[in-house]
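Undergrad: Okay, here's the structure, questions in a sec.
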Amino acid sequence: MSYQVLIVDDEEIVCRGLARFVKWDLYGFEVAGTAGSVDEALAFLKKNPVDLTFMDIRMPEKTGLDLLKILRQEYPDVKSVILSGYSDFTYAQEAIRGGAVDYLTKPVVLKDIEELLKRLSQEFSARRKETKIHSNRMEALLLSAAKGYSRADSVKFNLPKLNRWYGLSMVLKNKKLTEESLSEKKEHMRHQISSIVPSAIFLDDEIFSLFCLLPWESDSAFGSLTSLLEQLCTGLEEWSCGASKQKYGLESLHEGWEEACKAQRYHRAGTNEGIILYQNIETLFSHSSKSLQDILPELFCLITNTETRTQAPKLLNSALISLQQQKPTLTQYQSACISFLIELNSFLKNLSLKDEELHSGLKRILNRILLSENMQDSTACMTEYLEWLIRLISQVDEHSLGKDVIREIQLFIRHHYAENISLNSLAEQFYLHPNYLSRLFKEKTGCNFVEYLTEVRMEKVKELLRNTDRKITEVCEMAGYDNPRYFSKVFKQYTGVTPREYRETESDDIPFEPSKETR
């Protein structure tokens, strides 16, 4: 990604000349825009990210030095270079004190600018790398806390201090996107939300989803921000979106994440448009039975496996009996049943079922539950819906049923190959029985899970050996192996040579093919 440059000068010919004749792209820069005054520059900065400004000192009304002061306060990461026909040393001194990285006199020598760009490019590259490392570390810590695995300690880990914020959970509806399209849509949405909430923090929690922390200091209702997002974010209809209630501090990160995800799943299960606010559906979850919600992954595993589908009604019936023994009111019982079906329906979106049938079936049964006069009638509705669902799934061709979920698992493996991935952990992650997942994976990909994981890891290893000078022990760890000897053995089985021999072979530009036994 190129570093963005803004040229600020009241002489249009200077702006055009610099934009046209300097070899910006040669050093990784790109002219994002030009401005004829300080006010124009500030208006541009509000809407566009900028890394570097070239500005004249003498301009009508506000000067370049005025702009420097504003940049230092409001855009501290933006670097500035002063251009002026006034070579008086006092201007240079004041510009440097104001935060300028350099001072060039007019007429500007292009060679001097390009030498400056070469130096700044190196500085920016080092800063971007450092920022990326810190950003990845912060994201990992926040995501771990959001999912309830750890506690977000702002002081210890230098995390951002959020006073008031909302969580926004977003999942792409189309699971057939290419990896390139998937990345583009995520990046596009990040950019759009950041333009509305510049301090937004994004967590890439799953392959097709984003979780955003939206700081919101205003006392006005959060609905005004969601309305703004709905109006200004193009392509939002491609996402299922849910927002948490207002939260305070990072201590409530896990709670905010859970609320936003529940609202998002409610959106995903139904036909609603826009962003679902958890505060509007909270009553559905406030009386939910823990035992009923707990069976969701197991129930989903049962109904997606041809060998275990008949066991699903018995599991649901046992959970409903357990719920009744807690002696809830009829309204509480119905709310628990409805929230359960909404959650189940969101899981079903991973399968190749027709959305229209799922929506109509769910809507029909929810209306019947709400009109039920007692718990027995509500229970009968639940059983009837599950039996209808099993018949619907059974009618779908087994080969196409799990096609999308296997592709999603392949994407997950390619993004998380360095982690300790097992068949059981994947089955738990995607709510499938391990035996069913193993068979399905083999049918859809032509190889078993271990072979696919090994292939992904080995291709990454080959890339690292070719394109970096990292030690082989480092490459071993980066590929997800903790035993160097075992790593070398697997690599030789896959390629026919040791990692060291492969690196030497590639450096001599000699073509190489995997051994026959590994194909």
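So that you can scan it fast, the table gives a plain yes or no per residue for (1) in contact with a Gly (Cβ under 8 Å, 6 or more places away or on another chain); (2) touching a residue at least 12 places away in the same chain (Cβ under 8 Å):
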{"residue": "ILE390", "(1), (2)": "no, yes"}
{"residue": "GLN395", "(1), (2)": "no, no"}
{"residue": "ASP404", "(1), (2)": "no, yes"}
{"residue": "ALA418", "(1), (2)": "yes, yes"}
{"residue": "LEU423", "(1), (2)": "no, yes"}
{"residue": "PHE441", "(1), (2)": "no, yes"}
{"residue": "ARG457", "(1), (2)": "yes, yes"}
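Undergrad: Something else now. If only one of ASP66, ASP9 is more than 38 Å from the chain's Cα centre (by Cα) and open to solvent by less than 10 Å² (accessible area, probe 1.4 Å), which one is it? Don't jump to the end; show me each part of the working.
TA: Numbers: ASP66 fails: open to solvent by less than 10 Å² (accessible area, probe 1.4 Å).
Exactly one of ASP66, ASP9 is more than 38 Å from the chain's Cα centre (by Cα) and open to solvent by less than 10 Å² (accessible area, probe 1.4 Å), namely ASP9.
Undergrad: Select from the range 69-113 the residues that are loosely packed, with under 15 Cβ neighbours inside 10 Å, among the acidic types (Asp, Glu) and more than 12 Å from ILE57 (Cα to Cα) and list them in ascending order.
TA: Of everything in the range 69-113, those that are loosely packed, with under 15 Cβ neighbours inside 10 Å, among the acidic types (Asp, Glu) and more than 12 Å from ILE57 (Cα to Cα) turn out to be GLU74, ASP77, ASP112.
Undergrad: Note down all Cβ pairs under 6 Å where the first residue falls in the range 493-519 and is more than 16 Å from VAL475 (Cα to Cα) and open to solvent by 60 Å² or more (accessible area, probe 1.4 Å), the second is modelled with pLDDT of 90 or more and outside any helix (DSSP H, G or I), and they're at least six residues apart or on different chains.
TA: Qualifying pairs under 6 Å: none.
Undergrad: While we're on this one: Return yes when SER360 is under 23 Å from THR283 (Cβ atoms) and either assigned to a helix (DSSP H, G or I) or in contact (Cβ under 8 Å) with a residue 60 or more places away in the chain (or both) and no when it is not. Explain how you work it out, then say what you get.
TA: Working: under 23 Å from THR283 (Cβ atoms): no; either assigned to a helix (DSSP H, G or I) or in contact (Cβ under 8 Å) with a residue 60 or more places away in the chain (or both): yes.
No.
Undergrad: Now for a different question. For the range 117-125, check the following and say yes or no: at least one residue is under 17 Å from TRP24 (Cα atoms), under 32 Å from the mean Cα position of the chain (by Cα) and of a type in the set (Asp, Glu). Please lay out each step first, then the result.
TA: At the first step, the residues of the range 117-125 found to be under 17 Å from TRP24 (Cα atoms) are 117-125.
Those left that are additionally under 32 Å from the mean Cα position of the chain (by Cα): 120-125.
Filter once more, keeping what is of a type in the set (Asp, Glu): 123.
Yes: the range 117-125 contains one or more residues that are under 17 Å from TRP24 (Cα atoms), under 32 Å from the mean Cα position of the chain (by Cα) and of a type in the set (Asp, Glu).
Undergrad: Within the range 236-291, can you find the residues that are modelled with pLDDT of 90 or more and small (Gly, Ala, Ser)?
TA: SER240, GLY242, ALA243, SER244, SER252, GLY256, ALA260, ALA263
Undergrad: Answer yes or no: is there a residue in the range 368-378 that is assigned to a helix (DSSP H, G or I), open to solvent by less than 30 Å² (accessible area, probe 1.4 Å) and at pLDDT 85 or above. Show your work before the answer.
TA: At the first step, the residues of the range 368-378 found to be assigned to a helix (DSSP H, G or I) are 368-371, 375-378.
Next cut, open to solvent by less than 30 Å² (accessible area, probe 1.4 Å) only: 369, 378.
Those still in the list that are at pLDDT 85 or above too: 369, 378.
Yes, some residue in the range 368-378 is assigned to a helix (DSSP H, G or I), open to solvent by less than 30 Å² (accessible area, probe 1.4 Å) and at pLDDT 85 or above.
Undergrad: Let me ask you something else. If you scan the range 379-391, which residues turn out to be open to solvent by less than 60 Å² (accessible area, probe 1.4 Å) and within 38 Å of the chain's Cα centre (by Cα)? Steps first, answer last, please.
TA: Pass one, the range 379-391, residues open to solvent by less than 60 Å² (accessible area, probe 1.4 Å): 379-383, 385-386, 388-390.
Across the range 379-391, the qualifying residues are CYS381, MET382, THR383, TYR385, LEU386, TRP388, LEU389, ILE390.
Undergrad: Quickly run through the range 159-199 and pick out the residues that are part of a loop (DSSP other than H, G, I, E, B), over 21 Å from ASN136 (Cα atoms) and either out of contact with any helix residue (DSSP H, G or I) (no Cβ under 8 Å at 6 or more places or on another chain) or open to solvent by less than 70 Å² (accessible area, probe 1.4 Å) (or both).
TA: Once the filter is applied, which keeps residues that are part of a loop (DSSP other than H, G, I, E, B), over 21 Å from ASN136 (Cα atoms) and either out of contact with any helix residue (DSSP H, G or I) (no Cβ under 8 Å at 6 or more places or on another chain) or open to solvent by less than 70 Å² (accessible area, probe 1.4 Å) (or both), the range 159-199 yields ASN163, LYS175, LEU177, THR178.
Undergrad: Could you please find all residues in the range 194-205 being in contact (Cβ under 8 Å) with a residue 40 or more places away in the chain and out of contact with any strand residue (DSSP E or B) (no Cβ under 6 Å at 6 or more places or on another chain)?
TA: Answer for the range 194-205, where residues must be in contact (Cβ under 8 Å) with a residue 40 or more places away in the chain and out of contact with any strand residue (DSSP E or B) (no Cβ under 6 Å at 6 or more places or on another chain): SER195, ASP204.
Undergrad: Further, regarding this structure: Kindly list the number of the only condition in (1) open to solvent by 40 Å² or more (accessible area, probe 1.4 Å); (2) of a type outside the set (Ser, Thr, Tyr); (3) under 30 Å from LEU344 (Cα atoms); (4) at pLDDT 90 or above that fails for HIS433.
TA: All conditions are met except number (4).
Undergrad: Next up: Can you confirm whether GLU255 is open to solvent by 50 Å² or more (accessible area, probe 1.4 Å) and in contact (Cβ under 8 Å) with a residue 12 or more places away in the chain? Please lay out each step first, then the result.
TA: On the way: open to solvent by 50 Å² or more (accessible area, probe 1.4 Å): yes; in contact (Cβ under 8 Å) with a residue 12 or more places away in the chain: no.
Against the criterion (open to solvent by 50 Å² or more (accessible area, probe 1.4 Å) and in contact (Cβ under 8 Å) with a residue 12 or more places away in the chain), GLU255 does not qualify.
Undergrad: State all residues of the range 122-138 that are surrounded by fewer than 16 Cβ atoms within 10 Å (Cβ to Cβ) and either touching a residue at least 60 places away in the same chain (Cβ under 8 Å) or farther than 28 Å from LEU213 by Cβ (or both); if no residue qualifies, say none. Give the derivation first.
TA: Filtering the range 122-138 for residues surrounded by fewer than 16 Cβ atoms within 10 Å (Cβ to Cβ) gives 122-123, 125-137.
Residues satisfying the conditions are GLN122, GLU123, SER125.
Undergrad: Among GLU184, GLU230, GLU139, GLU130, which is the only one that is of a type in the set (D, E, K, R) and modelled with pLDDT of 90 or more?
TA: It is GLU184.
The values are calculated or read from the model by the stated rules, or taken from the named source; none is laboratory data. What you are looking at is a predicted structure, and each value in this text was computed from that prediction instead of being measured. Here Cβ is always computed from backbone atoms with ideal geometry, including for glycine, and neighbour counts include all displayed protein chains. For the accessible areas, the whole protein counts, side chains as well, though only heavy atoms, and no ligand, DNA or RNA atoms are used. Shrake-Rupley method; radii C 1.70, N 1.55, O 1.52, S 1.80 Å.
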